[in-house]
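Worksheet: the structure to be examined is printed underneath.
The values are calculated or read from the model by the stated rules, or taken from the named source; none is laboratory data. No experiment lies behind these values; they were computed from the predicted model shown. Reconstructed Cβ throughout: ideal geometry from the backbone, glycine too, with neighbour counts over all protein chains shown.
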Amino acid sequence: MASLITCPHCGLRPKEEFAIRGDASRGRPEPMDSDEAWHDYVYVRANPRGRTLEHWHHVAGCRRFLVVERDTATHEVYSVVDAAEFARRAAQ
Amino acid sequence: MVRDYNNRHALEQKLRSAPTPSAADHLMVGHWRTMATVLARTGQAEAVRQAIASVPELSLRFSGPGEWLVVSEVEAPSGLVRRLGELCDGRAHVVDQSDGRVVFRLAGPNVRSILAKGIGLDLHPAAFTIGGSANALCGHIPVNLARTDEDTFELIVPRSYAESLFDDLTKMGRAFDLTAAFSD
């Protein structure tokens with residue numbers, strides 16, 4: 001696992017300060033979407049090899065949610081952005 | 001049943017023994033220190049920071065974007081909250097933390113070697129400048145670390161962690177004959 005994360009608010013930090021909160025690439029379904037869509041969202045997890053987007057929570061630092069883009073095979077970290085900033089970019 | 005509320009310091013049991021003369025590296029535990037968290041409203045972070053930074057006796061400790069721990073050596077808890085309320089003028093939420101946190105002040109020539117045993121931050125004088133502060137992990141305990149002087153660091157922890165952090169710091173400092181006492 002990537003062992004050093006550059007938090008946009010705190011700088012370079014060890015991974016022990018973070019909690020991984022899951023896939024950041026998929027959005028939440030609408031309230032009235034089908035049961036299948038909700039079942040997929042709540043229970044079905046991919047286990048990708050390669051580049052992934054994940055929510056990381058900087059629990060022991062600034063307590064902000066971050067979106068970390070990293071490679072699960074090579075442990076390389078490509079980018080780290082605040083989740084609010086990530087959502088703003090996605091909305092555009 | 002009614003019980004008297006006994007306002008004890010979190011480390012009263014640990015620091016009971018008679019004070020020994022302090023060595024070169026010394027850990028001071030603030031008996032009662034006044035502090036409050038300030039959380040700025042959206043878009044008001046810079047205005048709030050400037051308002052508080054304009055008062056020299058208030059020390060700002062970074063704990064997140066738009067969020068600080070404000071420490072005062074002179075004010076009483078109620079006075080600090082009132083003062084911050086006036087300074088922020090509705091642009092921030094202010095919550096008193098004086099009874100909820102304990103301040104450790106670690107000073108001495110080996111302070112960086114001691115802290116490096118538990119904290120994964122670059123503590124080099126050029127990287128962690130005087131007045132700098134950060135939230136970090138000390139072992140498994142979340143602390144707010146601040147550099148207040150050339151070789152002086154302050155660690156602020158929730159009071160329920162104070163005993164564990166005290167034990168950890170004494171172990172981390174044993175190789176340097178670290179001594180500990182209440183500061184007042």
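Just one of the numbered conditions (1) at positive phi; (2) surrounded by 14 or more Cβ atoms within 10 Å (Cβ to Cβ); (3) within 14 Å of the chain's Cα centre (by Cα) is not true of B:R159; which one?
(1)
Take residues that are closer than 20 Å to B:H140 by Cα and within 14 Å of another protein chain (Cβ to nearest Cβ) and tell me which of the strands (runs of 3 or more DSSP E) falling wholly in chain A contain 2 or more.
Where strands (runs of 3 or more DSSP E) fall fully within chain A and carry at least 2 residues being closer than 20 Å to B:H140 by Cα and within 14 Å of another protein chain (Cβ to nearest Cβ), they are A:4-7, A:11-14.
What number of residues within the stretch B:37-76 are in contact with a Phe, Trp or Tyr (Cβ under 9 Å, 6 or more places away or on another chain) and either among the β-branched types (V, I, T) or under 22 Å from B:R105 (Cα atoms) (or both)?
9
Working only within the stretch B:33-46, note down all residues that are surrounded by fewer than 22 Cβ atoms within 10 Å (Cβ to Cβ), farther than 10 Å from B:S183 by Cβ, touching a residue at least 40 places away in the same chain (Cβ under 8 Å) and out of contact with any helix residue (DSSP H, G or I) (no Cβ under 7 Å at 6 or more places or on another chain).
B:T37, B:L39, B:R41, B:Q44
Just checking, which of A:V44, A:V59 is of a type in the set (V, I, T) and either surrounded by fewer than 13 Cβ atoms within 10 Å (Cβ to Cβ) or under 13 Å from the mean Cα position of the chain (by Cα) (or both)?
Answer to the check: A:V44.
Can you name the residue in the stretch B:129-151 that is among the polar types (S, T, N, Q) and buried (at least 16 other Cβ atoms within 10 Å of the Cβ) and is also farthest from the other protein chains (Cβ to nearest Cβ) among such residues?
B:T148
Could you pull out the residue among B:A36, B:A23 that is closer than 20 Å to B:N135 by Cβ and touching a strand residue (DSSP E or B) at 6+ places or on another chain (Cβ under 6 Å)?
The match here is B:A36.
With in contact (Cβ under 8 Å) with a residue 12 or more places away in the chain, surrounded by fewer than 18 Cβ atoms within 10 Å (Cβ to Cβ) and farther than 30 Å from B:A175 by Cβ as the only criterion, which of B:E86, B:E57, B:E67, B:E75 stands out?
B:E57
This table checks each residue for (1) touching a helix residue (DSSP H, G or I) at 6+ places or on another chain (Cβ under 6 Å); (2) modelled with pLDDT under 95; (3) among the small types (G, A, S).
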{"position": "B:F128", "(1), (2), (3)": "no, yes, no"}
{"position": "B:G132", "(1), (2), (3)": "no, yes, yes"}
{"position": "B:L137", "(1), (2), (3)": "yes, yes, no"}
{"position": "B:D149", "(1), (2), (3)": "no, yes, no"}
{"position": "B:P158", "(1), (2), (3)": "no, yes, no"}
{"position": "B:E163", "(1), (2), (3)": "no, yes, no"}
{"position": "B:F166", "(1), (2), (3)": "no, yes, no"}
